[in-house]
Amino acid sequence: MADGNGQPQNRCWSATVLTLFPEMFPGPLGSSLAGKALEKGLWRLETVDIRDFARDKHRAVDDTPFGGGPGMVMRPDVLAGAIDSVTSGGPDIEGRPVVYLSPRGRRLDQALARQLADGDGVVAICGRYEGVDQRVLEARSVDEVSVGDYVLSGGEPAAFVLLDAVVRLLPGVIGEPAALEEESFSRGLLEYPHYTRPQSWQGRDVPEVLTSGHHENIRAWRLARAEELTKERRPDLWERYRGSGKSRG
Ligand code: ADE
């Protein structure tokens, strides 16, 4: 295969998911945009069953927390075995970051999705129980990533979110890459509102400027709406955008 510059393209972005529920994959990643891209070989997905690295006869992967408290904690030896089976004990062979999906992690945003898409792939650890033993996170230089300030029952739905956000940014996945520049967060703003036919619906008309054919006015209208929306709904983003000097007011 060759990319747009005629360069040979032998790299394929690849995700390895470490999970106790490999049957959950590809799940939603097997449909729609990500699923089509998977079929086309634009990215690769494999799972590793963490339980395969349990050493005792009960195949236990977790144990009670030292210091007491509710829930169970994933054992470091078991999880390290699973990680090392992918990374050979050092940094991942293909230079992929190892990410543990956890509500305690750095919040996933568009910049992180872009950073991951620009790399070779990711090794994603999905936890269950109360968490995983801290020592394995330190010993294997694992980055913690959260998909939002709420607690899911496990890392798998978070992995779907992370991988979906990244895969759509990979070359060739979205037919019209220009769409990526306009969408929410790419410019530090939420996206402007969209309209299609019918031009008049239930007493509501499409804003006149959008049917004017005047491209500069349309661009200015969209920017103004994007700024308004961001100011109203996401003051945190708005402050950052203003600080970047890109705003008009
Ligand atoms: N696992 C449980 N909750 C999570 C969250 N909010 N983000 C990432 N992983 C999680």
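The values are calculated or read from the model by the stated rules, or taken from the named source; none is laboratory data. These numbers were taken from a predicted model, which means no experiment stands behind them. Positions of Cβ are backbone-derived with ideal geometry, glycine not excepted, and every protein chain shown enters the neighbour counts.
So is Ile50 touching a Ser or Thr at 6+ places or on another chain (Cβ under 7 Å), under 21 Å from Glu144 (Cβ atoms) and not acidic (Asp, Glu) or not?
Yes; evaluated as a whole, the condition is true for this residue.
Does any residue of segment 144-166 turn out to be in a loop (DSSP other than H, G, I, E, B) and more than 10 Å from the ligand (Cβ to nearest atom)?
No, that holds for no residue.
Looking at Arg51, is it in contact with a Lys or Arg (Cβ under 6 Å, 6 or more places away or on another chain), surrounded by fewer than 18 Cβ atoms within 10 Å (Cβ to Cβ) and either of a type in the set (Phe, Trp, Tyr) or not in a loop (DSSP other than H, G, I, E, B) (or both)?
yes
So is Leu116 under 10 Å from the mean Cα position of the chain (by Cα) and either more than 11 Å from the ligand (Cβ to nearest atom) or without any contact (Cβ under 8 Å) to a residue 40 or more places away in the chain (or both) or not?
Against the criterion (under 10 Å from the mean Cα position of the chain (by Cα) and either more than 11 Å from the ligand (Cβ to nearest atom) or without any contact (Cβ under 8 Å) to a residue 40 or more places away in the chain (or both)), Leu116 qualifies.
With respect to the numbered conditions (1) over 30 Å from Glu239 (Cα atoms); (2) out of contact with any helix residue (DSSP H, G or I) (no Cβ under 9 Å at 6 or more places or on another chain); (3) surrounded by 15 or more Cβ atoms within 10 Å (Cβ to Cβ), which one is the sole condition not fulfilled by Gly175?
The single condition Gly175 does not satisfy is (3).
Gly69 - would you say it is assigned to a strand (DSSP E or B), of a type in the set (Gly, Ala, Ser) and touching a residue at least 24 places away in the same chain (Cβ under 8 Å)?
No; evaluated as a whole, the condition is false for this residue.
For Leu137, which of the numbered conditions (1) touching a Phe, Trp or Tyr at 6+ places or on another chain (Cβ under 7 Å); (2) away from the ligand (no atom under 16 Å from the Cβ); (3) modelled with pLDDT of 95 or more fails to hold?
Looking at each condition in turn, Leu137 falls short on (2).
Would you call Gly6 at positive phi and either at pLDDT below 95 or surrounded by 15 or more Cβ atoms within 10 Å (Cβ to Cβ) (or both)?
It is true that Gly6 is at positive phi and either at pLDDT below 95 or surrounded by 15 or more Cβ atoms within 10 Å (Cβ to Cβ) (or both).
Working carefully through the options Gly245, Gly203, find the one that is small (Gly, Ala, Ser) and more than 30 Å from Asp109 (Cα to Cα).
Gly203
Report yes if some residue within segment 134-147 is loosely packed, with under 12 Cβ neighbours inside 10 Å, under 13 Å from the mean Cα position of the chain (by Cα) and hydrophobic (A, V, I, L, M, F, W, C); otherwise report no.
Scanning segment 134-147 turns up no residue that is loosely packed, with under 12 Cβ neighbours inside 10 Å, under 13 Å from the mean Cα position of the chain (by Cα) and hydrophobic (A, V, I, L, M, F, W, C).
Please work out which residue is farthest from the ligand (Cβ to nearest atom), limiting yourself to segment 167-201 and to residues that are out of contact with any Ser or Thr (no Cβ under 6 Å at 6 or more places or on another chain) and among the acidic types (Asp, Glu).
Glu176
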